[in-house]
1. Take the conditions within 23 Å of residue 544 (Cα to Cα) and open to solvent by less than 70 Å² (accessible area, probe 1.4 Å) and apply them to residue 531. Does it pass?
2. Pairs please, first residue from region 196-218 and at positive phi, second anywhere and surrounded by 19 or more Cβ atoms within 10 Å (Cβ to Cβ), Cβ atoms under 7 Å, 6+ apart in sequence or on different chains.
3. Checking the condition under 29 Å from residue 506 (Cβ atoms) and either out of contact with any Ser or Thr (no Cβ under 9 Å at 6 or more places or on another chain) or at pLDDT 90 or above (or both), which residue from 65, 86 passes?
4. Would you confirm whether any residue within region 203-216 is farther than 14 Å from residue 32 by Cβ and crowded, with 22+ Cβ neighbours inside 10 Å?
5. Working only within region 1-23, note down all residues that are surrounded by fewer than 22 Cβ atoms within 10 Å (Cβ to Cβ), in a strand (DSSP E or B), in contact with a strand residue (DSSP E or B) (Cβ under 7 Å, 6 or more places away or on another chain) and touching a residue at least 12 places away in the same chain (Cβ under 8 Å).
6. Looking only at region 430-444, count every residue that is β-branched (Val, Ile, Thr) and open to solvent by 50 Å² or more (accessible area, probe 1.4 Å) and tell me the total.
7. Applying the selection to region 52-108, what residues are touching a strand residue (DSSP E or B) at 6+ places or on another chain (Cβ under 6 Å), open to solvent by 60 Å² or more (accessible area, probe 1.4 Å) and either in a strand (DSSP E or B) or of a type in the set (Gly, Ala, Ser) (or both)?
8. Quick one: would you say residue 494 is part of a loop (DSSP other than H, G, I, E, B), of a type in the set (Lys, Arg) and modelled with pLDDT under 95?
Amino acid sequence: MIKPLLQVKNLSIDFIADGNLTNAVKNISFNLGPGEILAIVGESGSGKSVTALSLLQLLPKQTKAKGQILFLHKEKAAVDLLKISAKEINGIRGKDIAMIFQEPMTSLNPVFTCGEQVMETIQLHQQISLKDAKEKTRALFEKVNLPTPAEMLNRYPHELSGGQKQRVMIAMAMCCNPSLLIADEPTTALDVTLQKTILQLIKKLQKQIGLSVIFITHDLDLIADIADKVVVLYKGEIIEQGVTKEVLQKSKQPYTKALLACRPARHKRGERLPVVSDFFSAVTKDNAPAFKSVVINVVETKINSQLKNEITDNDLSKQNSLAPVLEVENLNIHYPGKKKLFKKPGASFKAVNDVSFKVYKGETIGLVGESGCGKTTLGRAILQLIPATSGNIILNGINLTALPQKKLQPLRRDLQIVFQDPYGSLNPRLMIGNAIMEPMKVHNILATSTLRKEKVIELLEKVNLSADHFYRYPHQFSGGQRQRICIARALALKPSFLIFDESVSALDVSVQAQVLNLINNLKKDFGFTSIFISHDLSVVRYISDRILVMSKGRIVEEGLADEVYFSPKNEYTKKLIDAIPGKIIIG
């Protein structure tokens, strides 16, 4: 009988802060065999990352872990990873158990090249020369499909895309041929095509060297084709575990069904998305929520012809009789090129290349494409945060590209953005009430601070927060709550035009559903026009009236949301749709 590579037995993890005890993980047990891929799935706060960090003794000092984590150390007797010394665990980290963290930019040192960082890991665990370490790193970069591997050795992290940085992290994790790879949300916020590439890469490496993998994610759809087994966590407890196919198709737990049901790809455009709270009944006597016995078919992904042929409310023939709110005409944005990247002297990178489109009042335009396609650059150019090389951006009849900065300032009140990273968008030293009030002061909205505070509280309640949240700081909120705060701040100036730049890409599927429902409700209440930028076509199709598909700085396809999603004409659009995890199948 083959022994498990990893056995987690009755693991409990408690956080101790200010004399209070929080049970982050509660008596969980699971096994991982050699060459297996185990997915640990759950929302933020479910305990999945804490469980992974405990395997390498990376938990903060104010935590207490109980139970056993038995690891079969290179065919030796199993060792308990919770009880071995610091010296012993240092010998295992990176060599026998490697980890890919969620955010590669914060995991890579910005002052060293990518090659230097991988070579350092190799030399730490292997007695080889610098020359051999460099050649091994180049070979690893080639193995993880990085373009021009030799050149990548000398690049710094900020010079790489998100997908490229994640592949550097995979190369670093694989450099010492570990027995176990822990991948903690390695594809969150990546393009669907890059996401698919990373998943295929992990699966390929697992098959080539018999690697065991713990894959942590909040998205059940994502692990359908990669994981052998799945563990579903809820508030530190295992709700369900088993063979992946059986859990996905014959789930016994409403919570598991809820995680599947939240995906926009499974719903008609614009209809309210179910959220996890819909699957709870009233609280029980001990104030613990109980799951409803909800019957919902979340496995069947076929749709009927009525949805496929559904016509949008914003009929283009009606729109064309109206004056557009925004016109982008032959817009070009070029960046000076580097000599090592461009052969011709004076050559430049065309981030946005001859783009033209119109947006009509009350409409939501979806702008979709991979990282580097120019969609965020286009959004920031519309906001006049970066200059256009040529072309026109006309908002309500005013050509923004022709105005000096001084005259642009009053117009910024009418044009707002919700950024991808809500934590980076908020000042950590400002209470969120003051953060929302700040732009109101700048633009002289309302006469007194008292009136502004009342308006801020009204906005907080509009985005499903409460008045007492006014006095809290950004770090005291979850990711979904922080994104709602940023939406409230953008709405504080009553803009007629909003840009959502990857505003839900890094959120749990359940929190993503809450934010998408919120945006739909706010569209009705405030009547704003918007551009919704994302790499996920299923999300864009759900929230948008029309879709623009962008590739290499150009618009390659545009049309009604359902037409583009269900009947794409461009091969690039088809590639994006094919990469969507759990995508709807037409039939």
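The values are calculated or read from the model by the stated rules, or taken from the named source; none is laboratory data. As the structure is a prediction and not an experimental result, all values here were calculated from the model. Glycine gets a Cβ as well: all are built from the backbone with ideal geometry, and neighbour counts include every protein chain shown. Heads up: the accessible areas ignore ligands, DNA and RNA and are worked out on the full protein's heavy atoms, side chains in. Shrake-Rupley method; radii C 1.70, N 1.55, O 1.52, S 1.80 Å.
1. Values: within 23 Å of residue 544 (Cα to Cα): yes; open to solvent by less than 70 Å² (accessible area, probe 1.4 Å): yes.
So residue 531 passes the test.
2. Once the first residue is at positive phi and sits in region 196-218, no partner that is surrounded by 19 or more Cβ atoms within 10 Å (Cβ to Cβ) comes close enough.
3. Values: 86 fails: under 29 Å from residue 506 (Cβ atoms).
Just one listed residue meets the conditions, 65.
4. no
5. Result: 7, 9, 10, 12, 14, 15, 16, 23.
6. 1
7. 64, 66, 68
8. Details: part of a loop (DSSP other than H, G, I, E, B): yes; of a type in the set (Lys, Arg): yes; modelled with pLDDT under 95: yes.
The answer is yes for residue 494.
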